[in-house]
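The values are calculated or read from the model by the stated rules, or taken from the named source; none is laboratory data. These figures come from a predicted structure and were not determined experimentally. Reconstructed Cβ throughout: ideal geometry from the backbone, glycine too, with neighbour counts over all protein chains shown. Keep in mind that these areas ignore ligands, DNA and RNA; they rest on the heavy atoms of the full protein, side chains included. Shrake-Rupley method; radii C 1.70, N 1.55, O 1.52, S 1.80 Å.
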Amino acid sequence: MRTIRQAGSAELVAKKSRFLCVLRRVDSESRAREFVARCRKEHPNARHHCYAYVVGDDAEVQKSNDDGEPSGTAGMPILRALHHNELTNTAAVVVRYFGGVLLGSGGLIRAYGTATGRALEEVGLVRREPARMVSIAVDHSTAGRLDNELRAAGYEPADTRYGALVEFDVAVPEPDTAAFERWIGEAAGGDARVSPGERTFLEVAE
């Protein structure tokens, strides 16, 4: 699965109607709904606020809405654009300012889909790779050296906590978890407590 690299927007003008697609990352359906509501407030004079969103690690939550446009001509083209790019945790709202000229069903489908596609090209995409958050606890005397070795190997700690021991939280690709634990044991000279934690995702630019 993928998600958008950042929030953003793009627009399309078709037969005097302006179609503005706004994209945001969302991590729940409630956040997606809040985003749609915010777009309505920010564009109160628009004729339509059509949208689609996909949420969840396995894209299990999906919804689209035509907001007064003919059935299937707005929300579904937006959703198809998200599906085509294998996106999740993404919400898209296409705000239409009506220009006085009817586009017909085919014209609407093309306009809403094209506006969404342009916005996706504008913001860029990242691939989400399954990972495991691994906690590493070491003595203070070892922490500085291990921190340097983690960073040199491309493992930027997501969090570092200082107490009786120093604990690093590192996201590791799931297929590499066992090898990573062995490497940590060697890098810390056997002086490390390694605890695999919750599942997460790493983002890789495309």
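Summed over segment 74-114, residues that are crowded, with 21+ Cβ neighbours inside 10 Å and not aliphatic (A, V, I, L, M) total 8.
Taking every residue in segment 25-39 that is open to solvent by 100 Å² or more (accessible area, probe 1.4 Å) and in a strand (DSSP E or B) and pairing it with any residue that is at pLDDT 95 or above and not aliphatic (A, V, I, L, M), at least 6 positions away or on another chain, the pairs with Cβ-Cβ distances below 6 Å are ARG25/ASN89. For segment 41-59, the condition holds for at least one residue, the condition being that it is closer than 24 Å to ALA205 by Cα, open to solvent by 80 Å² or more (accessible area, probe 1.4 Å) and at pLDDT below 95. Scanning segment 139-165 for residues that are part of a strand (DSSP E or B) and within 22 Å of THR200 (Cα to Cα) yields ASP159, THR160, ARG161. Scan segment 118-126 and tell me whether some residue there is within 17 Å of GLY75 (Cβ to Cβ) and surrounded by 13 or more Cβ atoms within 10 Å (Cβ to Cβ). Yes: segment 118-126 contains one or more residues that are within 17 Å of GLY75 (Cβ to Cβ) and surrounded by 13 or more Cβ atoms within 10 Å (Cβ to Cβ).
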